[in-house]
Structures are given as structure tokens and as C-alpha cells.
Amino acid sequence: MVMQAKGRPPKTPVLPSEAPRVPDHKAGAIQIAAVHKSFPQLDAPDITVLANINLEFKPGEFIALIGPSGCGKSTLLRLIAGLTVPDQGRLFLDTDEIHGPGYERGLVFQDPTLFPWKTIYENIAFGLRARGVYQKEKTTIPEFFKLVGLEGFEKSYPHHLSGGMAQRAALARALVNRPKVLLLDEPLGALDAFTRMNMQDEILKIWEHRGMTTVMVTHDVDEAIYMADRIVVMSTRPAKIEQVIQVSIGRPRQRGAPDFLDLRAKILQLLHFAGTKQELQYYL
């Protein structure tokens, strides 16, 4: 059960038309070249998770990674984040090879992972302090409270917030460093259906406003179609790229529209959930 926030409700995040894009912001291009990744087991053969992954993400694209549970989607995201390294192959942000974590790649997990002993302001400011630029850039922090609709909650603590609000704070903490790439690892998976759909719209508004390249792992086919420019469908482990699908549906998208349902049926068939449109159920 999602805990209700104490105090007044959060404001609606800023719409793209209400606030211009930040002029110094630049989206990044991601290149993944012949990447393999395995994990060792005790007294057993290594588990190969990713096999010869080759992908390119253009600056400013919204990419969804989808595939069977355990196929390696989150592992691929962690490789882009620099939290783990490939056994073979290389990853690049623009022309720079990725060798470890960097503030130009913001990462948001399914669990907001906020520091419970810090206020929401201090949680969001954490990245600036870690980089040693807090004094120089602290005047920008209110911009990010406004962007995610959390004005008035600066002095609140994480336990005062609902699940959706906590995830907004986690987004602001990732965005305050003005990353070229935003990485989302099932950020809405723990939310109820209503909050989840609301957060989908809020993330899209932030993406449209900020313009950063966004890569999101999800198990939800509808979510992938609703949000992404392109959908990367991955196979079972060891994961290969089954297909990369361009979502040629205008925005805002309607979940019940015929072109939406046609694409959903196609993706579910790729994921081996065969059936007609009429028989398919909402898939989480």
C-alpha cells in the first residue's frame, strides 16, 4: 500500500511549453559494440548473460529495453552506467569509452534509494556536493524541485513521501547533475497502476523539457510503447537483440488506439506470448 504524503499535495511538474529547455544541456550518444557479459558461479560454469550486443542510441532518443525476466536488461543498463564492465566489447558515450560511473550518466533504480536521514533537499543536493560544485551550483536546485513537482517538500524526509513522490525526488537527484544520459531501471515497477501511469506522463514531460537521451528498462509492454521512440526487444539468456522497433506513433499516445494495439501484439509475439489482439491481456 502506498503511503500518503503528509502536507499539501505536490504541484504538477512543469510542462515543456511553460519552461524552455536549459540552454547548456547536451544529450549524449551511446554506442555498444560487441559486448559480452558473464557471471561466475561457485563450482559451476559461468552464466552468460549478454552475447554480442551491438546497439547505438542517438542523442535525445527515448529507448526502452524489454525482454523476458532475467535476460540481462538491467545488466546492460549497469554496463552503460559503468557500474560493471564487459568481458568483451566496448561501450562509448559520444567519443569517450565508458570505464566507470560518471555524473554525465544519471541512474534511477526501481527503489528510490533516498538517504532516509537526509531531507529531500539534501538528497537532491547530494550529487552536487559529491562533485564539489555545491557552492557554485546550489542556486539551480529549486529548478529541479519545480521540474519534478516537489516544491514545498524541501525540508521533508523520505518517509513523509508517497512512492511516486519519492521516485520524483530520485529523478531530481539524478537530473541535478545535468546528465547527458538518464538511465531508468524499472523506475515505476513498485508503484500502483494509477500512480504508474501518472509517473509515465511526468517522466515524458521531464524528458521533453530536458532533452537528454533516456534508456529505460521495463517489463511492461504498454509502458514501452507509450513512452519510447524505439524499443529494443531482447531474447532469453544469453540475451541477444531480437529486434529494434521504431515506434511510429504520434505523441501523446492513446493506449487503446488500433496502431498501439497492433504494436503491442507484435511485441508480445516476439516475447513468445502469441495470440490475437482480442485475446491479449495487459502485460506487466
Could you tell me whether Gln254 is more than 16 Å from Asn54 (Cα to Cα), assigned to a helix (DSSP H, G or I) and free of Cβ contacts under 8 Å to residues at least 60 places away in the same chain?
no
Just the residues that are of a type in the set (A, V, I, L, M, F, W, C) and under 13 Å from Pro252 (Cβ atoms), please, taken from the stretch 180-202.
Met197
If only one of Ser74, Ser38, Ser69 is hydroxyl-bearing (Ser, Thr, Tyr), assigned to a strand (DSSP E or B) and under 28 Å from His272 (Cβ atoms), which one is it?
Ser38
Can you work out which of the residues in the stretch 149-199 that are in a loop (DSSP other than H, G, I, E, B) and within 12 Å of the chain's Cα centre (by Cα) is surrounded by the fewest Cβ atoms within 10 Å (Cβ to Cβ)?
Gly189
Being part of a strand (DSSP E or B) and either more than 19 Å from Ala34 (Cβ to Cβ) or in contact (Cβ under 8 Å) with a residue 40 or more places away in the chain (or both) narrows it down to one of Thr48, Thr84, so name that one.
Thr48
Residue pairs, Cβ under 6 Å, 6 or more apart or interchain, first in the stretch 91-112 and acidic (Asp, Glu), second surrounded by 16 or more Cβ atoms within 10 Å (Cβ to Cβ). List them.
Asp94/Gly28; Asp94/Ala29; Glu104/Pro179; Glu104/Lys180
Taking the condition of being among the aliphatic types (A, V, I, L, M) and either touching a Lys or Arg at 6+ places or on another chain (Cβ under 6 Å) or on the phi > 0 side of the Ramachandran plot (or both), how many residues in the stretch 110-148 meet it?
2
Of the residues in the stretch 191-206, those that are closer than 24 Å to Pro179 by Cβ and not aliphatic (A, V, I, L, M) number 6
Set Glu208, Glu242, Glu186: member being out of contact with any Gly (no Cβ under 7 Å at 6 or more places or on another chain) and on the phi > 0 side of the Ramachandran plot:
Glu186
Within the stretch 210-247, considering residues that are among the small types (Gly, Ala, Ser) and at pLDDT below 95, the one farthest from Cys71 (Cα to Cα):
Gly211
Checking Thr75, Thr113 in turn, the sole residue that is within 30 Å of Leu263 (Cα to Cα), under 17 Å from the mean Cα position of the chain (by Cα) and of a type in the set (S, T, N, Q) turns out to be Thr75
In the stretch 108-148, how many residues are crowded, with 20+ Cβ neighbours inside 10 Å and under 28 Å from Phe194 (Cα atoms)?
10
Options Leu91, Leu128; residue that is more than 26 Å from Leu191 (Cα to Cα) and touching a Phe, Trp or Tyr at 6+ places or on another chain (Cβ under 7 Å)
Leu128
Within the stretch 206-235, track down each residue that is small (Gly, Ala, Ser), crowded, with 21+ Cβ neighbours inside 10 Å and not in a helix (DSSP H, G or I).
Ala228
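The values are calculated or read from the model by the stated rules, or taken from the named source; none is laboratory data. Here the structure is a predicted model, which is why all the values come from computation and not from measurement. Here the Cβ is made from the backbone with ideal geometry for all residues, glycine too, and neighbour counts use every protein chain on show.
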